[in-house]
């Protein structure tokens, strides 16, 4: 694999290989020595044009546990038309002999553009409102483990509800594309003002009535609601949002037995998710965080673990 | 059990060096030797190196259990992430590592099918070091074909054979391949 | 006395004959002496020089992207003999002095006539009227006023502008974009594609609501309105309605909105970022129909050169705009003439006669006839070539047609009798 830009680029074999290797990587986290020598001598630059402490930290740990040299570059503020162009920023670092870039950017498509300019491998750590492939992979990983533990493994027939600000969410786009490959059904739930244009062509069920689908889903994936969306007039108040789309205690109690609760974090408790749901036994919130390191180790291994020429054998 | 193929299009002629009956006998002898060297099954931990080393480790464990009447710990150790030649090949698939309990103070017997350059075993030492501190590490292989590139020797060898560098030793085990047999063949010109 | 005999060319209506140019004017070919310089134009069409109402020359201010010299050289290569230089330069063309400066640059460096467009509001700020009357009365004789790049979104200010320019025959050319429905982040036609790519959508209606408002203000003020770069079927419906009602509205379409569609942005190539954005095929089809039936009166290039460093940004941050002068005629031929949707006389009307009339430019858009000024483009209707962005006369390389096989029509351009381009 040369880059990971979109989950839509992954074949079923590749997606499963990433999840399988992540299982092995997670074992490393339980060892006395949490380090593999695999990427010794490789240099990974985390370029975050937008702040994200958790994603950056997760990638940094992943790289370090694989023995790569990881460097964090905070490029925040340089993403304007007046500043240095994205191309110049990328070419400058690429010229230093970096092996891989992990890029987070507030603009949709910026990571794909960067990948077109550099020699190094590129991992998309979230671009604007477009994609966040490692988040979707770690969601899939945590969900797979959850159902495996219940003896109900397999994507066929699983229904995943993704609830919240779909319009501005990169997580939803990557999840829809990944699940199209893996095989679970997705139900998209959002107020009508937060549904992306053309969402009906994504091959998912779409509704603005959370309660109507609640009892039928195996996973409730609650998306973070940005408070600035209220100012944008997408919905009137947090209270009204929580009433229609929050995973309240009442809604929690109506979920199927064993249904999993996911949230990419950080959570607005009391808005899109109640404390009861966030802390419930079947909440995968912390499993998702733990999975983040393992999945990112697996992704870095798939990109950098072989020769630079050719694809996975 | 499926029938072994009579030949392979890219490798020939194929010579059978260990057949099914002899393979069973060889593995049984190895089980006895391991017990003898360890003076019993106490503290033994057999770790197979994927893929066929794992099958051999399981067979050895079953035999030891028969002989001793008590179960012996067996697991598997994947060394892909520790290889020194990762960047010479496309990305390799990673196998499973699964250790029953701790390796600390155990007598670890690494089990592999073929001992050749020794690099796999060197990588296994690195992997073990990250997992803990065994009291001792021993090596059991079904076939030692020579051509070592590192100062490594097996404690326990099913069969030593002399080979040419361009020959290929193929171990086939029923768990993976459907039949038991070890063959040797000269790789044709242009073949890897 | 310079003279030139062009032999064997056919005019747009199909008449074949010789053209004799003396001192910038067409004369009777019978008077041509034996030793006169000749151009063999057998098999070529002779069309009146093309006129563009919508050109960004970037000088003064961004000479790294384009200058009057390079931009008008590109114009000549595209068959244009007159361009209207948009006001969004630095400084903005919002005073008589600024307009005269642009006109003087045109006189000095131009490879075609350069007419200054005046800003509607001071500094394109959308709050106070610019000195419209002084610009009109200046030596630059400004007649076309536009805040292009930005919309005059304040309804009252738009009404005042339309009213104010009437006595001196000014024409307000509006960039129709509701700044709330399509804000600064809007960079992709609102569609399944914008939703999938996570790019902020620019809905059709952000254009058509302004067009609908403006035609009613034109009716209220009994003034003239020109709609720049119409891009949507909804706007065309409004313009048709307004024209039937007798409202004095004209509209322009760009070559790129006639030819290029939304899926081109899927690779996030900022060459394809333009404002208004590339629309979907049904809008392209509506636009072609409207250009043929006269709902759209002119083709305006919206030639918008940008330096590389202004395009090498993320899609929502990169500057919008694409080159247009050199391929305008080729694109109109490809989508209108070659499929038989429009004939040559209509093309001449849309690309020369009508824009010259709307811009009130004397001596441009005139027929090819004895006594008329010799503004002319010689066209090979059959030649084709792959577009090479590096072969451009423009200083910029944001050419959206790069690599495409297109007609390669312009053989020679004459402005006031001088050859400004010859292949």
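The values are calculated or read from the model by the stated rules, or taken from the named source; none is laboratory data. On a predicted model such as this, the values are computed, not experimentally measured, just so you know. As a convention, Cβ positions derive from the backbone with ideal geometry for all residues, glycine included, and neighbour counts pool all protein chains shown.
Summary of values
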quantity: Residue among B:75, B:48, B:53 that is under 14 Å from the mean Cα position of the chain (by Cα), within 14 Å of chain A (Cβ to nearest Cβ) and at pLDDT 95 or above; calculated: B:75
quantity: Count of residues meeting criterion [in a loop (DSSP other than H, G, I, E, B), surrounded by fewer than 19 Cβ atoms within 10 Å (Cβ to Cβ) and in contact (Cβ under 8 Å) with a residue 60 or more places away in the chain] in the stretch B:163-180; calculated: 2
quantity: Close pairs from the stretch C:311-329: first away from every other protein chain (no Cβ under 14 Å) and farther than 20 Å from residue C:401 by Cβ, partner in a loop (DSSP other than H, G, I, E, B) and modelled with pLDDT of 95 or more, Cβ under 9 Å, at least 6 apart; calculated: none
quantity: Matching residues, the stretch B:124-145, being crowded, with 19+ Cβ neighbours inside 10 Å and under 14 Å from the mean Cα position of the chain (by Cα); calculated: B:124, B:139, B:140, B:141, B:142, B:143, B:144, B:145
quantity: Any hit, the stretch A:175-192, residues being in a loop (DSSP other than H, G, I, E, B) and either in contact with a strand residue (DSSP E or B) (Cβ under 6 Å, 6 or more places away or on another chain) or within 18 Å of residue A:9 (Cα to Cα) (or both); calculated: yes
quantity: Check on residue C:64, surrounded by fewer than 23 Cβ atoms within 10 Å (Cβ to Cβ), more than 14 Å from the chain's Cα centre (by Cα) and outside any helix (DSSP H, G or I); calculated: yes
quantity: Those residues of the stretch C:103-123 which are farther than 30 Å from residue C:412 by Cα and surrounded by fewer than 23 Cβ atoms within 10 Å (Cβ to Cβ), in sequence order; calculated: C:122, C:123
quantity: Lone qualifier among C:159, C:180, C:108 - being within 27 Å of residue C:239 (Cα to Cα), without any contact (Cβ under 8 Å) to a residue 60 or more places away in the chain and out of contact with any strand residue (DSSP E or B) (no Cβ under 6 Å at 6 or more places or on another chain); calculated: C:180
quantity: Filter result (without any contact (Cβ under 8 Å) to a residue 60 or more places away in the chain and surrounded by 19 or more Cβ atoms within 10 Å (Cβ to Cβ)) within the stretch B:146-162; calculated: B:154
quantity: Members of the stretch A:27-58 found to be within 14 Å of chain B (Cβ to nearest Cβ), surrounded by fewer than 21 Cβ atoms within 10 Å (Cβ to Cβ) and either within 17 Å of the chain's Cα centre (by Cα) or not in a helix (DSSP H, G or I) (or both), listed by number; calculated: A:29, A:30, A:31, A:32, A:33, A:34, A:35, A:37, A:40, A:41, A:43
quantity: Any hit, the stretch B:113-120, residues being within 14 Å of chain A (Cβ to nearest Cβ) and within 14 Å of the chain's Cα centre (by Cα); calculated: yes
quantity: Lone unmet requirement of (1) modelled with pLDDT under 95; (2) under 30 Å from residue A:31 (Cβ atoms); (3) part of a strand (DSSP E or B) for residue B:186; calculated: (2)
quantity: Residues being in contact with a helix residue (DSSP H, G or I) (Cβ under 8 Å, 6 or more places away or on another chain) and buried (at least 17 other Cβ atoms within 10 Å of the Cβ) - total across the stretch A:190-205; calculated: 8
quantity: Residue B:130 closer than 21 Å to residue B:84 by Cα, within 14 Å of another protein chain (Cβ to nearest Cβ) and touching a helix residue (DSSP H, G or I) at 6+ places or on another chain (Cβ under 6 Å); calculated: no
quantity: Among (1) in the same structural domain as residue C:250 (by TED's automatic domain parsing); (2) crowded, with 24+ Cβ neighbours inside 10 Å, the one test that residue C:336 misses; calculated: (2)
quantity: Hits in the stretch C:345-365 - residues which are surrounded by fewer than 19 Cβ atoms within 10 Å (Cβ to Cβ) and assigned to a loop (DSSP other than H, G, I, E, B); calculated: C:360, C:362, C:363
quantity: Candidates A:294, A:238, A:242 - the one that is closer than 23 Å to residue A:19 by Cβ and surrounded by 14 or more Cβ atoms within 10 Å (Cβ to Cβ); calculated: A:294
quantity: Neighbours by Cβ (under 7 Å, 6+ apart or cross-chain): first from the stretch C:382-394, surrounded by fewer than 17 Cβ atoms within 10 Å (Cβ to Cβ); second modelled with pLDDT under 95; calculated: none
quantity: Residues of the stretch A:245-271 classified as over 18 Å from the mean Cα position of the chain (by Cα), crowded, with 16+ Cβ neighbours inside 10 Å and either on the phi > 0 side of the Ramachandran plot or assigned to a loop (DSSP other than H, G, I, E, B) (or both), total; calculated: 5
quantity: Boolean, residue A:213 is away from chain B (no Cβ under 14 Å) and under 30 Å from residue A:13 (Cα atoms); calculated: no
quantity: Scan of the stretch C:166-218 for residues that are under 25 Å from the mean Cα position of the chain (by Cα), over 29 Å from residue A:204 (Cα atoms) and within 14 Å of another protein chain (Cβ to nearest Cβ), ordered by number; calculated: C:183, C:184
quantity: Meets criteria (at pLDDT 95 or above, within 18 Å of the chain's Cα centre (by Cα) and either away from chain B (no Cβ under 14 Å) or buried (at least 24 other Cβ atoms within 10 Å of the Cβ) (or both)) for residue A:289; calculated: no
quantity: Enumerated strands (runs of 3 or more DSSP E) restricted to the stretch A:60-160, each holding at least 3 residues that are more than 12 Å from every other protein chain (Cβ to nearest Cβ) and modelled with pLDDT under 95; calculated: A:69-74
quantity: Residue within the stretch B:183-191 that is surrounded by 15 or more Cβ atoms within 10 Å (Cβ to Cβ) and touching a helix residue (DSSP H, G or I) at 6+ places or on another chain (Cβ under 9 Å) present; calculated: no
quantity: All positions within the stretch A:218-244 that are part of a helix (DSSP H, G or I) and without any contact (Cβ under 8 Å) to a residue 40 or more places away in the chain; calculated: A:228, A:230, A:231, A:238, A:239, A:240, A:242, A:243
quantity: Residue within the stretch A:293-310 that is free of Cβ contacts under 8 Å to residues at least 24 places away in the same chain, away from every other protein chain (no Cβ under 14 Å) and not in a loop (DSSP other than H, G, I, E, B) present; calculated: no
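Yes/no per residue for (1) part of a loop (DSSP other than H, G, I, E, B); (2) free of Cβ contacts under 8 Å to residues at least 24 places away in the same chain:
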| residue | (1), (2) |
| --- | --- |
| C:6 | no, no |
| C:9 | no, no |
| C:13 | yes, no |
| C:18 | no, yes |
| C:21 | no, no |
| C:26 | no, no |
| C:30 | no, yes |
| C:35 | yes, yes |
| C:38 | no, no |
